[in-house]
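Notes to accompany the following structure.
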Amino acid sequence: MDKTPHGHVHWSELMTHDPEAARTFYEETLGWTFSEMPMPGGGAYLLAMGNGERPIAGIFDLRGEADYADTPSGWMTYVAVDDIDDRIKKAEAAGGKVLQAPFEVPGTGRIAMILQADGAMVGWMTPAAGTA
């Protein structure tokens, strides 16, 4: 697969304190199926599949993550960028703030969490080769 083009939405992830309820909701309403991916430190990331085999979104368990204890459940958008290091410099110059410096997710890409100048949070990522 080709990489997601620069500036396009690459991934959506539901961050929730009740992943089991979210899983049931999307299974019953949209017919999504799920596979579990082990997470470092325990727990599992739920990978939502559409049409039986195509990954379309993820569900991230906020429980047990001290940094996210007060974070409300909600959807997070990740935008593909051509060069995460260069782009976060541009974000800062435009009034944004880097909340989490770029980090590598093997087989996925390099991700940074950005607070836009207006206060909204967004994930930017340079996808790994072969991901779309």
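Close amide H partners of His10, meaning residues 5 or more places away or on another chain with modelled amide H under 5 Å apart, are Tyr78, Val79, Ala80. In order along region 108-120, the Karplus-derived 3J(HN,Hα) couplings, from 6.51 cos²θ - 1.76 cosθ + 1.60 at θ = phi - 60°, round to 10, x, 9, 10, 9, 9, 10, 9, 5, 4, 8, x, 7 Hz, and Gly and Pro are given as x.
For every helix of n ≥ 4 consecutive DSSP H residues, a contribution of -39,500 (n - 2.57) applies; sum these over the chain, divide by its total residues, and give [θ] at 222 nm rounded to the nearest 500 deg cm²/dmol. So the calculated ellipticity at 222 nm is -5000 deg cm²/dmol.
Here the translational diffusion coefficient of region 1-55 follows from Stokes-Einstein with Rh set to the Kirkwood radius across Cα pairs; for 37 °C and 0.692 mPa s it amounts to 256 µm²/s.
Largest GNM mean-square fluctuation among Thr29, Thr108, Thr77, using the chain with Cα springs under 10 Å: Thr29. Here the gap between Asn51 and Ser12, fully extended at 0.36 nm per residue and compared with their Cα-Cα distance, gives a gain of 12.4 nm.
On the protein heavy atoms, probe 1.4 angstrom, tell me the percent of accessible surface of the chain carried by carbon and sulfur. Roughly 54 percent, rounded to a whole number. In this structure, the amide hydrogen of His17, modeled 1.01 Å from its nitrogen in the peptide plane, lies closer than 5 angstrom to those of Leu62, Ser73, counting only residues at least 5 positions away or on a different chain. When you filter the GluC sites (Glu not before Pro) in region 1-60 for DSSP loop state and at most 11 other Cβ atoms inside 10 Å of their Cβ, you are left with Glu53. Please determine, in degrees from 0 to 90 and to the nearest 10, the orientation of helix 19-30 with respect to the longest principal axis defined by the Cα atoms of the chain, where the helix direction is its Cα long axis. That works out to roughly 80 degrees. Counting only Cα atoms, the size of the chain along its three principal axes is 44, 37, 27 Å, in decreasing order. Each label was represented as a point 7 Å from its Cα along the Cα-to-Cβ direction; for Thr33 and Thr108 these points are 2.2 nm apart.
The values are calculated or read from the model by the stated rules, or taken from the named source; none is laboratory data. From a predicted model like this one, the values you see are computed outputs, not experimental measurements. No Cβ is skipped: glycine too gets one built from the backbone with ideal geometry, and neighbour counts run over all protein chains shown. Accessible surface areas use protein heavy atoms only, side chains included; no ligands, DNA or RNA. Shrake-Rupley method; radii C 1.70, N 1.55, O 1.52, S 1.80 Å.
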